[in-house]
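Some notes on the structure that comes next.
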Amino acid sequence: MSLHKHLILNLKVANIQTINAPWLVSHQISLDVLRLDKIHPIVSGNKWFKLKYYLLEAKAQNKTVATLGGAWSNHIVATAFCCLKAGLPCVGFIRGEKPAVYSETLKQAEQFGMNLQFLTRTAYAEKVADLKMKGVISRAIDKENIYWIGEGGYGIHGAKGAGDIALEYDLKNFTHIIAGVGSGTMLAGLINSATSKQKIIGISSMKGNAELEQQVKNLIMEKIKCNNFSILHDYHFGGFGKHPGELLDFINGVYTDHQLPLDIVYTGKVFFAIRDLVNKNYFKPHSRLLMIHSGGLQGNAGVKEKILAF
Ligand SMILES: *Cc1c(COP(=O)(O)O)cnc(C)c1O
């Protein structure tokens, strides 16, 4: 993978951190965290894995990359940065009117050379739906020398790349793999690469996104594996991007106790869910849990209250 060199990514720095806590001991459960947040400060976590096969194909076909996201999308920044390093021109279609003041995300994406275009919410939703459909049927959408990547990297190539997480780091010995869910691409990849005995649990960051299960199933290669996962919808803390004081306090507590920095959009909610599920006896004794720390820490800059301890 020659793109690695351009990005100066070091996949080896993502270690597995063991969590020691009384609530784990009392339920006879072990918890480890795969620290994908460490692989790169900008293209952290799962974003590199989801993007790599798209970018290799776009590069081979000499295309301009286009993708979509909201004004706070980690996927937009990661795409902009990877395209810069890979020497690929790229366009980012952003949901909503052009703001008078750019978010940190948009500022960074533009600095990395992404051409930003703003779409009305209706036009945006239509494009996302269109790509979702085509992304599943055909791998790449070839139009006007544009190489489209679905919102959040959703699509078969994205899931294939995310599946490489389980190959890069040996995850076979865990009974459960638990990860945050946005588009569901990472979860699908993890399900595809897991053994048939492993259970994959997704924690949705959104409030009541009923389409997620089907979205994930559409990217699962062996249909039998559709039985190996569940998505939990009760840990959104009010909705996507919502971070009430209770969540921030929890994140600070985890940092104090375990030196584990969590992000406010995904991984904070995942860790909270794990503790809650363990305490509710959701897992059998002797379960070996693995949480995927999918990154996103740069998004914490958006916390206005600035009460995070790290
Ligand atoms: C993008 C992202 C996710 C969600 O990944 P999907 O494949 O879209 O479900 C989870 N965690 C972090 C930190 C992310 O940036």
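The table that follows gives values for the structure above.
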| item | result |
| --- | --- |
| Any hit, region 291-309, residues being away from the ligand (no atom under 15 Å from the Cβ) and either β-branched (V, I, T) or open to solvent by less than 10 Å² (accessible area, probe 1.4 Å) (or both) | yes |
| Members of region 148-190 that are in contact with a strand residue (DSSP E or B) (Cβ under 9 Å, 6 or more places away or on another chain) and of a type in the set (S, T, N, Q) | N173, T175 |
| First in region 259-283 and open to solvent by less than 40 Å² (accessible area, probe 1.4 Å), second anywhere and of a type in the set (S, T, N, Q), Cβ under 7 Å, 6 or more apart | L260/Q17; D263/N300; I264/N300; V265/S205; T267/S294; K269/S205 |
| Scan of region 109-126 for residues that are open to solvent by 50 Å² or more (accessible area, probe 1.4 Å), assigned to a helix (DSSP H, G or I) and either closer than 15 Å to I42 by Cβ or of a type in the set (K, R) (or both), ordered by number | E110, Q111, R121 |
| Qualifying residue in region 167-177 (condition: open to solvent by less than 40 Å² (accessible area, probe 1.4 Å), touching a helix residue (DSSP H, G or I) at 6+ places or on another chain (Cβ under 7 Å) and either assigned to a helix (DSSP H, G or I) or more than 14 Å from the ligand (Cβ to nearest atom) (or both)) | no |
| Scope region 22-38; condition outside any helix (DSSP H, G or I) and open to solvent by less than 10 Å² (accessible area, probe 1.4 Å); matching residues | L31, V33, L34 |
| Residue, nearest to the chain's Cα centre (by Cα), within region 1-43, restricted to residues that are modelled with pLDDT of 90 or more and hydroxyl-bearing (S, T, Y) | T18 |
| Of residues in region 198-213 being in a loop (DSSP other than H, G, I, E, B) and out of contact with any His (no Cβ under 8 Å at 6 or more places or on another chain), the one least open to solvent (accessible area, probe 1.4 Å) | A210 |
| Members of region 47-68 that are open to solvent by 10 Å² or more (accessible area, probe 1.4 Å) and within 13 Å of the ligand (Cβ to nearest atom) | K47, K50 |
| Filter result (of a type in the set (V, I, T) and under 15 Å from N10 (Cβ atoms)) within region 29-58 | I39, I42, V43 |
| Some residue of region 71-90 being within 15 Å of the chain's Cα centre (by Cα), outside any helix (DSSP H, G or I) and not polar (S, T, N, Q) | yes |
| Filtered residues of region 265-282 (kept if under 18 Å from the mean Cα position of the chain (by Cα) and at pLDDT 95 or above) | Y266, T267, G268, K269, V270, F271, F272, A273, I274 |
| Hey, L9 within 16 Å of the ligand (Cβ to nearest atom), without any contact (Cβ under 8 Å) to a residue 60 or more places away in the chain and not in a helix (DSSP H, G or I) or not | yes |
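Here is a yes/no grid of residues against (1) more than 16 Å from the ligand (Cβ to nearest atom); (2) assigned to a helix (DSSP H, G or I); (3) under 14 Å from the mean Cα position of the chain (by Cα):
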{"residue": "A162", "(1), (2), (3)": "no, yes, yes"}
{"residue": "A179", "(1), (2), (3)": "no, no, yes"}
{"residue": "S196", "(1), (2), (3)": "yes, no, no"}
{"residue": "Q215", "(1), (2), (3)": "no, yes, no"}
{"residue": "I224", "(1), (2), (3)": "yes, yes, no"}
{"residue": "N227", "(1), (2), (3)": "yes, yes, no"}
{"residue": "S230", "(1), (2), (3)": "no, no, no"}
{"residue": "Y235", "(1), (2), (3)": "no, no, no"}
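The values are calculated or read from the model by the stated rules, or taken from the named source; none is laboratory data. From a predicted model like this one, the values you see are computed outputs, not experimental measurements. Here Cβ is always computed from backbone atoms with ideal geometry, including for glycine, and neighbour counts include all displayed protein chains. SASA here: full protein model, heavy atoms, side chains in, ligands and nucleic acids out. Shrake-Rupley method; radii C 1.70, N 1.55, O 1.52, S 1.80 Å.
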